[in-house]
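One structure below.
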Ligand SMILES: Nc1ncnc2c1ncn2[C@@H]1O[C@H](COP(=O)(O)OP(=O)(O)OP(=O)(O)O)[C@@H](O)[C@H]1O
Ligand SMILES: [Mg+2]
């Protein structure tokens, strides 16, 4: 099962990615979680211990590796480099594993056609496509790029794209735009997740005003989320209210994607 988590900045993509990753891992599934943020923080949300976090480095910043694989130094423009470098060994070699969740930091990925034609972008695009093609038990992509950058492989191989929103009109407006852009490229397997929901009115608002996306669930606003971050522990362990919603969401997704 391949899940892509999207949404505007700060809505809770990383929090949700971490929760779902740990739910599936605790069910004995093999989970690969991919942090595609230029400033990665999924390791923190998952409560990875410091000694493991120190071993992580975003692929986008591995200049030597990019040079070795593409034949060109990152940052160079023009000149020759391979557009399909070898990447198949990267997920295993550069990820770290904690409590059954394997974590890979990619760094900022411009996976679509736009952006620079440079070695690092060739490397990341190839890696991203490889991850989508790969036979993976559970792949969770904590996305940074908007859907307008998504390519063909995403449409073909992502089983569910989850759009995280806060219970505001503005946030739902953005979700509507994401839906339109996704539909334009043929991606229709979308779900909505409400986050930071403070009360019944906000929950109802999300239910009634969804921009035509099925609501996977709503996560309550909880001070424990920031607290977990401060204490360096996983939200999954620290905030039971969020964990239990995530368990239900995982059930619903499994049912729709794997048994449906
Ligand atoms: N349910 C919640 N209740 C309270 N605070 C939350 C909740 N979910 C997330 N937060 C807080 O909101 C902030 C953003 O969360 P998170 O990092 O998961 O969002 P994001 O969408 O991944 O952000 P970015 O776009 O920067 O990657 C964090 O400070 C987090 O602690
Ligand atoms: Mg994030």
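General remarks:
- Candidate set from the stretch 234-260 (those that are buried (at least 17 other Cβ atoms within 10 Å of the Cβ) and part of a loop (DSSP other than H, G, I, E, B)); member that is nearest to ligand 2 (Cβ to nearest atom): 234
- Against the conditions (1) out of contact with any strand residue (DSSP E or B) (no Cβ under 8 Å at 6 or more places or on another chain); (2) part of a helix (DSSP H, G or I); (3) over 18 Å from residue 164 (Cβ atoms), residue 44 satisfies every one except (3).
- Complete set of residues in the stretch 196-232 that are within 16 Å of ligand 2 (Cβ to nearest atom) and touching a residue at least 60 places away in the same chain (Cβ under 8 Å): 196, 219, 225, 228, 229
- Scanning the stretch 190-220 for residues that are in a loop (DSSP other than H, G, I, E, B) and surrounded by fewer than 16 Cβ atoms within 10 Å (Cβ to Cβ) returns 198, 199, 212, 214.
- The stretch 7-37, subset near ligand 1 (Cβ under 9 Å from one of its atoms) and part of a loop (DSSP other than H, G, I, E, B), residue surrounded by the fewest Cβ atoms within 10 Å (Cβ to Cβ): 9
- Residue 65 fulfils the conditions (1) surrounded by 18 or more Cβ atoms within 10 Å (Cβ to Cβ); (2) modelled with pLDDT under 90 except for a single criterion, (2).
- For the stretch 133-152, filtered to residues that are crowded, with 21+ Cβ neighbours inside 10 Å and either at pLDDT 90 or above or in a helix (DSSP H, G or I) (or both), the residue that is nearest to ligand 1 (Cβ to nearest atom) is 142.
- Any hit, the stretch 63-78, residues being over 14 Å from residue 102 (Cβ atoms), touching a strand residue (DSSP E or B) at 6+ places or on another chain (Cβ under 7 Å), part of a loop (DSSP other than H, G, I, E, B) and touching a residue at least 40 places away in the same chain (Cβ under 8 Å): no
The values are calculated or read from the model by the stated rules, or taken from the named source; none is laboratory data. This one's a predicted model, so the numbers in the text were calculated from it and none came from an experiment. Neighbour counts run over all protein chains shown; Cβ positions are idealised from the backbone, glycine included.
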